[in-house]
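Enquirer: I'd like to ask you about the structure that follows.
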Amino acid sequence: MRLNEWIPRWSGASATAEAPAASSRGRAAASFAARVTFEDVSRRYGDIYALRDFNLDIAPGEVVCLLGPSGCGKTTLLRITSGIEKPSAGRLLINDREVAGPDRFEPPERRNVGLMFQDFALFPHLTILDNVAFGLRALPREEAHREAMAILARVGLERYASSYPHILSGGQQQRVALARAIVPRPSVMLMDEPFSGLDVQLRETMQEETLALLRETRSTSIIVTHHPEEAMRLGDRIAVMRAGRVVQVGKAEDMYSRPSELFIARMFSEINEVPQTVTGGEIASPIGRIPALGMSEGTKATLCIRQRGIELRSAGEGLAGRILHVRFLGDIILVEIGVSGFDVPLHARLPAGNGSWHKGAEVGVSIDPEGVLVFPSNGSNNGTLPAS
Ligand code: ATP
């Protein structure tokens with residue numbers, strides 16, 4: 001769901017008298033970063049829980065990426081944080097001060113929270129300068145324009161100050177939207193899929209630029225994204241949500257190496273999923289017996305083998321295999337292999353140029369046990385990490 005329906009009433013309401021004076025051009029002025037704490041926050045719409053007992057504590061200046069399937073409650077969380085939505089239960093604290101709870105509700109203009117929208121939501125009838133200065137309406141016009149020019153210089157767009165948004169490219173519009181959101185020096189910055197409107201090449205550049213600006217301003221930031229790689233690139237931590245709840249929160253390395261569920265393992269790496277059954281507390285697989293901790297006898301389990309955890313060798317080394325398909329994907333090649341003992345073909349991602357593999361070749365297959373994970377196939381319980 002989109003956030004921008006309340007922009008006219010909301011945007012720019014966060015200019016504060018307590019914010020420090022703008023620093024020199026070339027660097028964005030810093031905010032007072034805030035701790036953001038969600039305590040058992042729920043939001044109900046009739047029978048639907050958009051959020052259910054949501055708990056998360058975000059440190060001042062931290063960048064947290066929210067990741068999860070469509071409808072899991074990401075936008076609702078931003079709406080509650082910004083103050084345009086009230087929680088049905090639970091508390092939201094900003095710097096340990098309750099801003100939403102059973103007995104208290106502070107409106108958006110009292111929260112010092114900035115917002116950036118998925119489609120940038122620039123005002124077409126305002127110049128670029130006025131778009132950015134819109135967030136500073138609490139200041140005298142001259143001062144607002146001075147600060148808006150400084151932030152435009154910081155994002156490299158001061159020459160477009162008197163132009164209108166329609167002449168800008170997607171990346172330039174993104175910079176203006178970012179400048180507008182950040183110029184009031186919000187303590188907390190909320191970004192709803194801020195890069196989804198950009199093409200792939202531009203997205204990477206804008207991610208780096210945005211992160212640099214967030215670091216300079218020291219805003220505590222919550223960024224909603226659908227892309228695990230983007231979350232890994234941007235987030236100090238990543239919170240994966242499902243059905244209104246946090247399923248796992250951690251650093252990128254944790255999400256990749258120690259996913260708590262099959263659903264998360266699938267998000268953070270390309271895996272082969274091999275159906276297995278637990279017998280005697282273990283999985284009997286062609287790569288050996290693997291503990292299936294906490295899983296009862298007869299449980300249907302999924303053995304996950306990372307596609308990058310498979311190496312090909314000469315026939316006779318490791319497990320016997322035959323190449324079924326080879327696909328060139330640029331830096332890597334994707335190889336489908338029939339492997340002795342496995343009922344399903346395995347996919348391996350190999351560096352391009354590392355061997356000349358071709359369809360029909362007999363090969364040896366080596367599987368890195370460190371990359372192997374086992375989860376219950378229904379995905380509802382925690383997985384185990386048998387190999388480490
Ligand atoms: P997406 O990634 O598609 O934007 P999301 O994770 O942001 O999804 P939300 O927009 O927060 O999800 O919605 C969470 C759930 O709450 C969905 O089932 C949605 O239909 C429901 N919902 C959100 N707002 C309302 C509303 N105003 N009235 C009724 N249901 C709502």
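The values are calculated or read from the model by the stated rules, or taken from the named source; none is laboratory data. Bear in mind the structure is a predicted one, so any value in this text is a computation, not a measurement. Counting neighbours? That spans all protein chains shown, and the Cβs are built from the backbone with ideal geometry, glycine included. Protein only, heavy atoms only, side chains kept; ligands, DNA and RNA dropped before computing areas. Shrake-Rupley method; radii C 1.70, N 1.55, O 1.52, S 1.80 Å.
Yes/no matrix, rows are residues, columns are (1) in contact (Cβ under 8 Å) with a residue 60 or more places away in the chain; (2) among the hydrophobic types (A, V, I, L, M, F, W, C); (3) farther than 18 Å from P194 by Cα; (4) touching a strand residue (DSSP E or B) at 6+ places or on another chain (Cβ under 8 Å):
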| site | (1), (2), (3), (4) |
| --- | --- |
| R110 | no, no, yes, yes |
| V113 | yes, yes, no, yes |
| L129 | no, yes, yes, no |
| A133 | no, yes, yes, no |
| L136 | yes, yes, yes, no |
| P140 | no, no, yes, no |
| A144 | no, yes, yes, no |
| A148 | no, yes, yes, no |
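Enquirer: Specify the residue that is surrounded by the fewest Cβ atoms within 10 Å (Cβ to Cβ); the eligible residues are those in segment 327-357 that are in contact with a Lys or Arg (Cβ under 6 Å, 6 or more places away or on another chain) and aliphatic (A, V, I, L, M).
Expert: Among those residues, the one meeting the criterion is L334.
Enquirer: Find the residue count for segment 98-114, including only residues that are open to solvent by 10 Å² or more (accessible area, probe 1.4 Å) and at pLDDT 90 or above.
Expert: Result for segment 98-114: 6.
Enquirer: Which number in (1) at pLDDT 90 or above; (2) within 22 Å of D40 (Cα to Cα) marks the one condition that Y160 misses?
Expert: Looking at each condition in turn, Y160 falls short on (2).
Enquirer: Which is more than 16 Å from the ligand (Cβ to nearest atom), closer than 19 Å to F120 by Cα and at pLDDT below 95, of L262, L213?
Expert: L213 is the lone residue from the list that is more than 16 Å from the ligand (Cβ to nearest atom), closer than 19 Å to F120 by Cα and at pLDDT below 95.
Enquirer: Tell me yes or no: at least one residue of segment 75-87 is at positive phi, touching a residue at least 12 places away in the same chain (Cβ under 8 Å) and touching a Phe, Trp or Tyr at 6+ places or on another chain (Cβ under 9 Å).
Expert: Yes - at least one qualifying residue is present in segment 75-87.
Enquirer: Looking only at residues in segment 115-139 that are at pLDDT 90 or above and of a type outside the set (A, V, I, L, M, F, W, C), which one is most open to solvent (accessible area, probe 1.4 Å)?
Expert: Looking at residues that are at pLDDT 90 or above and of a type outside the set (A, V, I, L, M, F, W, C), I get H125.
Enquirer: Continuing with the same structure: Look at F375 and say whether it is part of a loop (DSSP other than H, G, I, E, B), at pLDDT 90 or above and surrounded by 14 or more Cβ atoms within 10 Å (Cβ to Cβ).
Expert: no
Enquirer: Among the hydroxyl-bearing types (S, T, Y), within 16 Å of the ligand (Cβ to nearest atom), over 16 Å from V63 (Cβ atoms) and not in a helix (DSSP H, G or I), is that true of S163? Break it down into steps so the answer makes sense when it comes.
Expert: Details: among the hydroxyl-bearing types (S, T, Y): yes; within 16 Å of the ligand (Cβ to nearest atom): no; over 16 Å from V63 (Cβ atoms): yes; not in a helix (DSSP H, G or I): yes.
Criteria not met by S163.
Enquirer: Of all residues in segment 249-275, which are polar (S, T, N, Q), closer than 17 Å to G309 by Cβ and open to solvent by 20 Å² or more (accessible area, probe 1.4 Å)?
Expert: Scanning segment 249-275 gives a single hit, S257.
Enquirer: Suppose we keep only residues that are more than 15 Å from the chain's Cα centre (by Cα) and not small (G, A, S) within segment 196-205. Which one would you say is nearest to L78 (Cα to Cα)?
Expert: Filtering first and then ranking leaves L198.
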